[in-house]
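Read-outs throughout are calculated quantities, based only on the coordinates presented, and are distinct from any laboratory measurement. Computed from a prediction, not measured in an experiment: that's the story for all the values here. Counting neighbours? That spans all protein chains shown, and the Cβs are built from the backbone with ideal geometry, glycine included.
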Amino acid sequence: MKMKTNRQEGFSLIELLIVVAIIGIIAAIAIPNLLASKRAANEGSAIASLRTLTGAEATYQSTKGAGEYGSLTDLQTEGLIDSVLGAGTKSGYAYTVDATLVSSSTAPARFDASCVPQQPSGIGATGTRSFYTNESGVIYYDTGGTAPTADGTTRAVTPNTPLK
């Protein structure tokens, strides 16, 4: 009399459930850190882009601008910034540049550049801080979706929180 052995190969249901549970725990730990890292990278990119804009504005003013600052389009046309930044959005931030044309020869030319996160809150937040700079080159920040602003006369920035 011959005995038949019934061999089954593969994973049991318990083994599969344990693997799925371990993957779920790892994902629960890793995903929030990944999102925080992405927000931090976007903010670093925003700061670097504002520094680039400050240098581009100084170059534009002393060369093509004849003493005046330029808009994002002007800076891109002259090849001082790339087309991504020239379009006004980069790395989850929206950029604006206001180059104030000075009508009197006694008032100095000036510009305001700011960037705000396209989505300032929630799980898909692209950043938590907004940034601002002007012809002084100092970069200021504020938490939330509104960038700091400067008074048109005194150029005092509100809120007055410079990066360190």
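For the chain, lysine pairs with C-alpha atoms less than 29 angstrom apart, excluding pairs fewer than eight positions apart on the same chain, total 4.
Between Glu78 and Thr52, residue separation times 0.36 nm minus the direct Cα-Cα distance comes to 8.0 nm. This model, with +1 at the C-beta of Lys and Arg and -1 at the C-beta of Asp and Glu, gives the stretch 58-164 a dipole about its Cα centre of some 260 debye. Residue separation of Ile23 and Thr100 scaled by 0.36 nm, minus their Cα-Cα distance, works out to 22.2 nm of gained length.
Paramagnetic label reach from Ser136 (point 7 Å along Cα→Cβ; backbone nitrogen cut-off under 20 Å): within the stretch 20-52, residues 47-52. Counting only alpha carbon atoms, the long axis of helix 13-62 and the longest principal axis of the chain meet at about 10°. Between Ser12, Ser37, Ser45, where does the largest GNM mean-square fluctuation fall for the chain, given springs only between Cα atoms within less than 10 Å? Among Ser12, Ser37, Ser45, the largest GNM mean-square fluctuation belongs to Ser12.
Each Lys or Arg adds one and each Asp or Glu takes one away; over the other residues whose Cβ falls under 14 Å from the Cβ of Gly144, this sums to 0. Dipole size of the stretch 10-108 about its Cα centre, with +1 on Lys/Arg Cβ and -1 on Asp/Glu Cβ: approximately 220 debye, rounded to the nearest 20. Please name which of Ala28, Gly137, Ala113 has its Cα lying farthest along the dipole of the chain towards the positive end, using unit charges on Cβ (Lys, Arg +1; Asp, Glu -1) and the Cα centre as origin. Checking the options against the dipole of the chain, the answer is Ala28. Note on the chain: the C-alpha convex hull projects to 15.2 nm² when averaged across all orientations.
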